[in-house]
Amino acid sequence: MDYTFKTKNVEETKKIGYQIGLLCQAGMVITLSGDLGAGKTVLTKGIALGLDIHQTVSSPTFTILKQYIGRLPLNHFDAYRLEGIQQDLGFGDLIGDGGVSVIEWPEYVLELLPKDRLDIKIYWIDENKRDFKVSAYGLMYDSLMKEIL
Ligand code: ADP
Ligand code: MG
């Protein structure tokens with residue numbers, strides 16, 4: 001199923017992330033698409049809070065992956081620098097394991113993504129407003145979205 005919603009400031013985006021994080025189960029995969037500055041990392045900060053992670057979550061742009069431990073482990077990927085890289089860096093083993101994987105720039109690691117996942121697209125409307133389009137692939141993800149909205 002597809003879902004849409006809007007936020008009009010950072011806090012609202014974090015709150016949606018928080019609600020998603022609260023409901024996340026082991027092995028879940030969430031992909032975040034959108035231009036630079038869309039709010040992918042902001043949403044991830046909210047998801048982390050919902051997973052009871054109180055460390056500062058910052059963009060893994062240069063490291064590609066940052067891991068945090070909360071109620072469940074969080075694997076936060078930024079695949080931007082993997083564009084065009086054919087080599088298997090082993091990230092596929094982590095995606096869908098016992099943690100929750102949040103993946104920014106999923107278009108560069110499509111072959112590593114499971115069929116069932118929460119696919120979130122963020123659109124920049126103006127300085128503070130964002131539109132979200134969410135496709136829930138699989139029952140688990142669909143129930144999660146239904147609980148939030
Ligand atoms: P991305 O990870 O998609 O490149 P970031 O999450 O790092 O983007 O940055 C989003 C930027 O947009 C931040 O500077 C944040 O303060 C700003 N922003 C303004 N309004 C919103 C909103 N409604 N939701 C998310 N971010 C917002
Ligand atoms: Mg980011």
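Tabulated data for the structure shown
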| read-out | value |
| --- | --- |
| Euclidean distance of C-alpha centroids, the range 1-77 and the range 115-138, integer Å | 12 |
| Pairs of Lys in the range 14-149 closer than 19 Å at Cα, counting only those 8 or more apart or on different chains | 26 |
| The range 9-106: C-alpha gyration tensor shape, a/c 1.5 cut-off, then a/b vs b/c | oblate |
| Counted charge near Gly27, where neighbours are those whose Cβ lies closer than 15 Å (Asp, Glu -1; Lys, Arg +1) | 0 |
| Cβ-based net charge around Val57, under 14 Å, with every Lys or Arg adding one and every Asp or Glu removing one | +1 |
| Check: the chain dipole with +1 on Lys, Arg Cβ and -1 on Asp, Glu Cβ, in debye | 440 |
| Ala26-Lys129 FRET efficiency (beta carbon distance; Förster radius 41 Å; 0.05 resolution) | 0.75 |
| FRET E, pair Lys115, Ser59, Förster distance 41 Å, beta-carbon r, rounded to 0.05 | 0.90 |
| Estimated 222 nm signal from helices in the chain, with DSSP H stretches of n ≥ 4 weighted -39500 (n - 2.57), rounded to 500 | -7500 deg cm²/dmol |
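Bear in mind these aren't lab numbers, they're just calculated from the coordinates by the rules spelled out. Keep in mind it's a predicted model, so treat the numbers as computed, not measured. With ideal geometry, Cβ positions are generated from the backbone for all residues, glycine too; neighbour counts draw on all protein chains shown.
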